[in-house]
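J.: Would you mind keeping the following structure in view while I ask a few things?
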Amino acid sequence: MNSVLITSDIRAALTEVLAAIPHDRLFILTDDTTSRLCLPLLANMPAVAAAAHIEIGSTDAHKTLDTLADVWTWLGEGGATRHSLLVNLGGGMVTDLGGFAASTFKRGMAYVNIPTTLLSMVDASVGGKTGINFRGLKNEIGVFSLPHTVLIHTPFLRTLDAANICSGYAEMLKHGLLSDAAHLESLLAFDLQRLCHAVAHPSPEHEAAAAALLQTLAEQVGTSVRVKEQVVEEDPRELGIRKALNLGHTAGHAFESYSRRQGRPLLHGYAVAYGLICELYLSCVRTGFPTSLMRSVVTFIRENYGSYDITCDDYEALYELMTHDKKNTSGCVNFTLLGGVRDIRIDQLADRDAIFDMLDFYREGC
Ligand SMILES: NC(=O)c1ccc[n+]([C@@H]2O[C@H](COP(=O)([O-])OP(=O)(O)OC[C@H]3O[C@@H](n4cnc5c(N)ncnc54)[C@H](O)[C@@H]3O)[C@@H](O)[C@H]2O)c1
Ligand SMILES: [Zn+2]
């Protein structure tokens, strides 16, 4: 079984999943934030009473070989075998690193993901890409290895900060664009700023609004994660249609790397949101994506994500970052574009002039 389950009762769901997976020893991996904010939701559960807890530092700075070696060491010292089970409780950093640790320890033990950020619920915890950063390169070392089960419990989002909620929501916008117009419309109609405000300022006064918005978000998370699941099911090794998931990411990764280089780092989803502006514009020009819909998405992104300011002096560096890993001999860049919602066009090449025009639009056209 490889399944994604959405639950409103994480304790019951986890108890059931653990009973269904034969294992000799149980380990729970968290980072120092999810230990504090998420692990207490599993406290005093008989099914996890005997579990050994492994904690690592939070954020991508710890998605390293050293941390991986620590996890392997703790597994070894805790008596883990190939028949043991690892539960990863955290964001994409924990599910990526924990999934890789489990998949390589003693040639692979089973693991379960319990994603606790919006980005990991709709994206990182699903699809079997695991790994670590290495020598400054993101996700340089890793394997494809599916979790036994992914358990999504949206109430974990109550403690997530506004920026990480917006970051995950950008991947949901991408899934909306790849799937169907009605889902996209509901995403664009959602009051993301109000949710962020309600979550950032928990109070009895905001509680009803927060609960209602989180309920709507939970439904959207369910639809969104199915989009990723379906694409991955069709093409688990990214040989073809899984490239659809790169929408917004060619330009997005360039913004992400450039922002780090400039010392004003963007969260991944913010970079993807700006990448979507660029690539939807390119889709209008190249593949006939409807301009009015592009404008609606761009307006939503501008309102909720602000902007990452660039000038024409930044174009060359951004272009070079885009060509970095996706270059063909003529210096063109390979994009995933859309002819409309769900009308996916992979392997679309754009040259330097087209990319500069796209950046003009990003800078001025919206
Ligand atoms: N495997 C994939 O297909 C895939 C896809 C996308 C991203 N990723 C990876 O995912 C990672 C990014 O994931 P992320 O955005 O979840 O980042 P993250 O795991 O670093 O989490 C972001 C921050 O939120 C904290 N946090 C987690 N859950 C929380 C909660 N419920 N309440 C409060 N704080 C909480 C974390 O401790 C961390 O400080 C990157 O390493 C990226 O490479 C992987
Ligand atoms: Zn992404």
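Derivation of every value follows stated rules applied to the coordinates shown; laboratory data play no part. The structure presented is a predicted model; accordingly, all values stated were derived computationally and were not measured. Note: ideal-geometry Cβ built from the backbone for every residue, glycine included; neighbour counts use all protein chains shown.
J.: Just from its helices, what would the mean residue ellipticity at 222 nm be for the chain, if runs of 4 or more DSSP H residues each count -39500 (n - 2.57) and the sum is divided by every residue, rounded to the nearest 500 deg cm²/dmol?
T.: Calculated at 222 nm, the ellipticity per residue is -16000 deg cm²/dmol.
J.: To the nearest 20 debye, what charge dipole does region 241-364 have about its Cα centre, counting +1 at the Cβ of each Lys and Arg and -1 at the Cβ of each Asp and Glu?
T.: Magnitude of the dipole: close to 480 debye.
J.: Okay, moving on. What is the angle, in °, between the Cα long axis of helix 315-326 and the longest principal axis of the Cα atoms in the chain? Nearest 10 is fine, range 0 to 90.
T.: 50 degrees
J.: Please report S167, S3, S35 as a ranked list, fewest other C-beta atoms within 10 angstrom at the top and most at the bottom.
T.: By the 10 Å Cβ count, ascending: S3, S35, S167.
J.: Hey, another quick one. For a quick check: sort T250, T154, T59, T311 by the number of other beta carbons within 10 angstrom, fewest at the front.
T.: T311, T59, T154, T250
J.: Can you tell which of T291, T223, T34 shows the greatest fluctuation in a Gaussian network model of the chain with Cα springs below 10 Å?
T.: T291
J.: Give me the angle, in degrees from 0 to 90, between the Cα long axis of helix 249-261 and the longest principal axis of the Cα atoms of the chain, rounded to the nearest 10.
T.: Relative to the chain, helix 249-261 is tipped by roughly 80 degrees.
J.: Also: What angle, in degrees between 0 and 90 and rounded to the nearest 10, separates the Cα long axis of helix 291-305 from the longest principal axis of the Cα atoms of the chain?
T.: So the inclination is approximately 50 degrees.
J.: Provide the net charge surrounding V112, with neighbours chosen by a C-beta distance below 15 Å and charges set as Lys +1, Arg +1, Asp -1, Glu -1.
T.: 0
J.: Amide H neighbours of Y111 under 5 Å, counting only residues 5+ apart in sequence or on other chains, H built in-plane at 1.01 Å?
T.: L86, H148
J.: The chain: Rg/Rh from Cα coordinates, Kirkwood Rh?
T.: Looking at the chain, the ratio lands at 0.97.
J.: Of A101, A198, A12, which has the largest mean-square fluctuation in a 10 Å C-alpha GNM of the chain?
T.: A12
J.: Pick from D235, D314, D343: which is most flexible by mean-square fluctuation in a GNM of the chain where alpha carbon atoms under 10 Å apart are linked?
T.: Of D235, D314, D343, the Gaussian network model singles out D314 as fluctuating most.
J.: Here is a further query. Quick one: what are the phi-derived ³J(HN,Hα) couplings along region 348-356, Karplus 6.51/-1.76/1.60 with θ = phi - 60°, whole Hz, x for glycine and proline?
T.: Couplings: 9, 9, 10, 8, 4, 4, 5, 6, 5 Hz.
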